[in-house]
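The values are calculated or read from the model by the stated rules, or taken from the named source; none is laboratory data. Since we're looking at a predicted model, the values are computed, not measured. Using ideal geometry, Cβ is built from the backbone for each residue, glycine included, and neighbour counts are taken over all protein chains shown. With ligands, DNA and RNA removed, areas are computed over all heavy atoms of the protein, side chains included. Shrake-Rupley method; radii C 1.70, N 1.55, O 1.52, S 1.80 Å.
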Amino acid sequence: MLMIRLSRVGKKHHPVYRVVVSEKTKDTVGDYLELVGTYDPHANQADLKADRIKYWIEHGAQPSGTVHNLLVDQKVISGEKRAVANIKKKATPEGEGAAAAAKPAEGEKPAEQPAAETKPAEETKPAEEKPAETAPAEQSATPGSAGRS
């Protein structure tokens, strides 16, 4: 299957992308069938060959999610944008962000724990139901060890 996707080129911390047509299974850095444009996200500038992109789409090439959104922005194709970003929030130090929201503010009651975390009454055994034969063994200790801890 052919894909129209981005291939990163450019300097460190300043990426520039080539829009290429290649096999889906090939690496983006490797060979490609055709270079159909470039994209500079810092300058928000795209130089696309619209006629060649339409040609490849007609012949079965599928644009990646990001390239699809870029083509919609540049009005090369019509349609709605796709949701492609899956950005995860970084862990914040305690006292900020989500960690601060979990702690109750002054004057507020702490949130109740869910009942699923407590054990049912059948599983817990009261302390007074210990077998009788273990009670004398616990009381008999070696002399002189009663004062040690």
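Observations on the model:
- If you check Asp47, Asp40, Asp51 for being over 20 Å from Val84 (Cβ atoms) and touching a strand residue (DSSP E or B) at 6+ places or on another chain (Cβ under 7 Å), only one passes: Asp47.
- Taking the criterion of being under 27 Å from the mean Cα position of the chain (by Cα) and of a type outside the set (S, T, N, Q), the residues of the range 21-54 that qualify are Glu23, Lys24, Lys26, Asp27, Val29, Tyr39, Asp40, Pro41, His42.
Let's see how each residue does on (1) touching a residue at least 60 places away in the same chain (Cβ under 8 Å); (2) of a type in the set (A, V, I, L, M):
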position	(1), (2)
Val20	no, yes
Lys26	no, no
Val29	no, yes
Tyr32	no, no
Gly37	no, no
Ala43	no, yes
Lys54	no, no
Glu58	no, no
Pro63	yes, no
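- Residues of the range 47-66 satisfying the condition of being modelled with pLDDT under 95 and closer than 18 Å to Gly10 by Cβ: Thr66
- Of Tyr55, Tyr17, all but one fail to be assigned to a strand (DSSP E or B), open to solvent by 30 Å² or more (accessible area, probe 1.4 Å) and not β-branched (Val, Ile, Thr); the exception is Tyr17.
- Of all positions in the range 38-49, at least one carries a residue that is open to solvent by 40 Å² or more (accessible area, probe 1.4 Å), in contact with a Leu (Cβ under 7 Å, 6 or more places away or on another chain) and not in a helix (DSSP H, G or I).
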